[in-house]
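Engineer: Sharing a structure below in structure tokens format, with a few things to ask.
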Amino acid sequence: AQRVTQPEKLLSVFKGAPVELKCNYSYSGSPELFWYVQYSRQRLQLLLRHISRESIKGFTADLNKGETSFHLKKPFAQEEDSAMYYCALTHSGNTGKLIFGQGTTLQVKP
Amino acid sequence: SQTIHQWPATLVQPVGSPLSLECTVEGTSNPNLYWYRQAAGRGLQLLFYSVGIGQISSEVPQNLSASRPQDRQFILSSKKLLLSDSGFYLCAWSWGAVTEAFFGQGTRLTVV
């Protein structure tokens, strides 16, 4: 079965501290992993995808197939990073259907 | 550019009443369309998806149905709402496969 697990419902850090939002997945084939973000009063939007291997707003995420993880990291958190973050999985035969984790609320305190 | 519209933004409905949520996409043709729901304390769950007009696939058994009467229109319906239908409903579109999904603003449904 395909599953995405985000173990933390809430992650609270101080501004300037490093951030790591955890995501583990279960899928036996070749997954496509995404991080979506929802800022307050905005719609859910793509933050980054593993296939791009790029850094967006200082965030990076590396797909670790051995550990079946796709953790989201940022070395220095900013207050504007406060939002709900969702890890999501799909694969080439899935017609674009996304399997989401339960989401992690990131709270960056001043 | 492509845009997705979803309405209404909030809705309070009594148990047993019907439901109709509408979603339209502009600026593209033949998109894949999706309805997701987030129930309290849970993640986003796919309810329905559609790869073309009149083609609807249901992911979970439930009290809801979906229809796609036009290429860029996706409707979520219920004949009789249940308390458990309360939640946050999101419409989304993509070009399919492993491409990015674009989401509407969502509808907060409260069944009382």
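The values are calculated or read from the model by the stated rules, or taken from the named source; none is laboratory data. Model, not experiment: these values are computed from the prediction. Reconstructed Cβ throughout: ideal geometry from the backbone, glycine too, with neighbour counts over all protein chains shown.
Engineer: Can you tell me which residue is farthest from the other protein chains (Cβ to nearest Cβ) among those in the range A:43-95 that are in contact with a Ser or Thr (Cβ under 6 Å, 6 or more places away or on another chain) and under 24 Å from residue B:38 (Cα atoms)?
Structural biologist: A:85
Yes or no, residue by residue, for (1) of a type in the set (A, V, I, L, M); (2) free of Cβ contacts under 8 Å to residues at least 12 places away in the same chain; (3) away from chain A (no Cβ under 14 Å); (4) farther than 15 Å from residue B:33 by Cβ:
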| site | (1), (2), (3), (4) |
| --- | --- |
| B:46 | yes, no, no, no |
| B:52 | no, no, no, no |
| B:73 | no, no, yes, no |
| B:81 | yes, no, yes, yes |
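Engineer: Can you confirm whether residue A:11 is surrounded by 11 or more Cβ atoms within 10 Å (Cβ to Cβ), assigned to a strand (DSSP E or B) and more than 10 Å from the chain's Cα centre (by Cα)?
Structural biologist: Here the answer is yes, as residue A:11 does meet what is asked.
Engineer: Here is a follow-up. Can you tell me which residue among B:76, B:81 is under 20 Å from residue B:17 (Cβ atoms) and in a loop (DSSP other than H, G, I, E, B)?
Structural biologist: Step by step, each of B:76, B:81 is checked, and only B:81 is under 20 Å from residue B:17 (Cβ atoms) and in a loop (DSSP other than H, G, I, E, B).
Engineer: Here are some residues: A:40, A:30. Which one is surrounded by fewer than 12 Cβ atoms within 10 Å (Cβ to Cβ), farther than 16 Å from residue A:106 by Cα, within 14 Å of chain B (Cβ to nearest Cβ) and touching a residue at least 40 places away in the same chain (Cβ under 8 Å)?
Structural biologist: Every option except A:30 fails the conditions.
Engineer: Could you tell me which numbered condition residue B:96 fails, if it satisfies all but one of (1) surrounded by fewer than 15 Cβ atoms within 10 Å (Cβ to Cβ); (2) over 27 Å from residue B:14 (Cα atoms)?
Structural biologist: (1)
Engineer: How many residues does the range B:1-25 contain that are modelled with pLDDT of 95 or more and away from every other protein chain (no Cβ under 14 Å)?
Structural biologist: 13
Engineer: Further question: Filter the range B:84-112 down to residues that are outside any strand (DSSP E or B) and either within 13 Å of residue B:34 (Cβ to Cβ) or under 10 Å from the mean Cα position of the chain (by Cα) (or both), then give me how many there are.
Structural biologist: 7
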